[in-house]
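Engineer: Got a structure for you, written out below as structure tokens; questions coming shortly.
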Amino acid sequence: MARFVDDLTLSYNILKGPHHGAVYTVPSADVHPENVDVKKVRCAIFTGTNLTPVAKDIRAAIDRAGKELQKLGIPVDEVTPPVAEGATLWPEYAMADGNQLGLEALGEHLHLARERFRKQMIPLPAKSAAEFFKIAMARDGWRVKLAEFMEQYPIIIGPAFCVTAFKHGAFEVDIDGKNYSLYAANWPALWVNCAGLPGAVVPAGKDHEGLPIGVQIVGRAFGEETVLAIAKAAENALGGFQRPPL
């Protein structure tokens with residue numbers, strides 16, 4: 001949405017709810033990340049889980065981000081949060097209908113979508129109502145577990161994806177010499193979707209091919225102000241957006 005955290009903060013304050021077209025959006029106050037004492041915000045930082053591995057260049061960038069934040073006096077602990085369960089639950093939850101709603105919405109226009117999307121949007125076995133309720137309850141239970149972790153660590157810092165930019169239309173990605181499913185490499189985004197938490201991604205350098213690396217900063221529910229405060233600190237420490245050579 002923005003190249004700089006200040007612009008993202010401005011956008012958030014303009015776009016935040018409530019709105020008559022989004023009846024479940026809660027009222028929320030303007031955020032002022034400059035008022036947050038970041039030295040009192042304990043952060044958990046991690047570079048991977050037991051799921052698809054994260055490329056070594058990204059792991060190195062995350063490590064560097066943690067060290068730079070520590071230099072600013074921000075408490076950063078290297079500890080893996082309980083995120084893997086959420087990443088595996090999310091596809092079960094989000095696609096419980098077997099793609100039926102999406103296929104109905106697209107209808108005869110499905111052929112206009114890009115190839116990778118068309119191959120993904122195929123009829124799948126749908127869950128029963130009972131199966132879906134069980135998945136939803138498992139999701140709620142996991143969100144409680146994550147919330148308990150974030151009582152101690154209100155900010156989680158980690159990868160935004162397992163690799164940097166990949167070839168357009170790819171179904172597989174190369175991670176340090178081994179091929180993995182593109183969708184399996186997406187777990188860093190899936191756990192955040194499953195939790196429904198606010199997050200931001202800031203530039204954290206480049207990989208060995210010169211492609212940009214992003215570090216993901218995730219906060220507690222309704223903790224946008226704290227997320228933006230730590231994101232701003234990381235942006236300043238890591239150099240922020242750099243215009244690419246043209």
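Engineer: Please pick out the residue among 214, 199 that is more than 19 Å from residue 154 (Cβ to Cβ), at pLDDT 95 or above and touching a helix residue (DSSP H, G or I) at 6+ places or on another chain (Cβ under 9 Å).
Structural biologist: 214
Engineer: Oh, and also: Here are some conditions: (1) in a loop (DSSP other than H, G, I, E, B); (2) more than 22 Å from residue 95 (Cβ to Cβ). Residue 162 meets all but one. Which one does it not meet?
Structural biologist: (2)
Engineer: While we're on this one: Cβ-Cβ below 9 Å, separation at least six or inter-chain, first residue in segment 1-24 and loosely packed, with under 12 Cβ neighbours inside 10 Å, second assigned to a helix (DSSP H, G or I) and of a type in the set (Asp, Glu): which pairs?
Structural biologist: Listed by first residue and then by second, the contacts come to 1/7.
Engineer: Okay, next question. Go through segment 65-75 and give me each residue that's over 19 Å from the mean Cα position of the chain (by Cα) and in contact (Cβ under 8 Å) with a residue 40 or more places away in the chain.
Structural biologist: Across segment 65-75, the qualifying residues are 68, 69, 71, 72, 74.
Engineer: Counting just the residues of segment 107-162 that are of a type in the set (S, T, N, Q) and surrounded by 10 or more Cβ atoms within 10 Å (Cβ to Cβ), which one comes out nearest to residue 230 (Cα to Cα)?
Structural biologist: 152
Engineer: Applying the selection to segment 84-135, what residues are in contact with a Lys or Arg (Cβ under 8 Å, 6 or more places away or on another chain), assigned to a loop (DSSP other than H, G, I, E, B) and not hydrophobic (A, V, I, L, M, F, W, C)?
Structural biologist: Hits for segment 84-135 are 97, 98.
Engineer: Looking at the structure I just gave you, is residue 74 β-branched (Val, Ile, Thr) and either within 30 Å of residue 152 (Cα to Cα) or at pLDDT 90 or above (or both)?
Structural biologist: The answer is yes for residue 74.
Engineer: Taking only segment 25-74 into account, find how many residues are assigned to a loop (DSSP other than H, G, I, E, B) and touching a His at 6+ places or on another chain (Cβ under 7 Å).
Structural biologist: Result for segment 25-74: 1.
Engineer: Hey, another quick one. Do you know which residues across segment 117-141 are charged (D, E, K, R) and under 20 Å from residue 103 (Cβ atoms)?
Structural biologist: 118, 119, 127, 131
Engineer: Out of segment 165-181, which residues are in contact with a Phe, Trp or Tyr (Cβ under 9 Å, 6 or more places away or on another chain) and surrounded by 16 or more Cβ atoms within 10 Å (Cβ to Cβ)?
Structural biologist: 173
The values are calculated or read from the model by the stated rules, or taken from the named source; none is laboratory data. This structure is a prediction, so every number in the text was calculated from the model and none was measured. We place every Cβ from the backbone using ideal geometry, glycine too, and count neighbours over all the protein chains shown.
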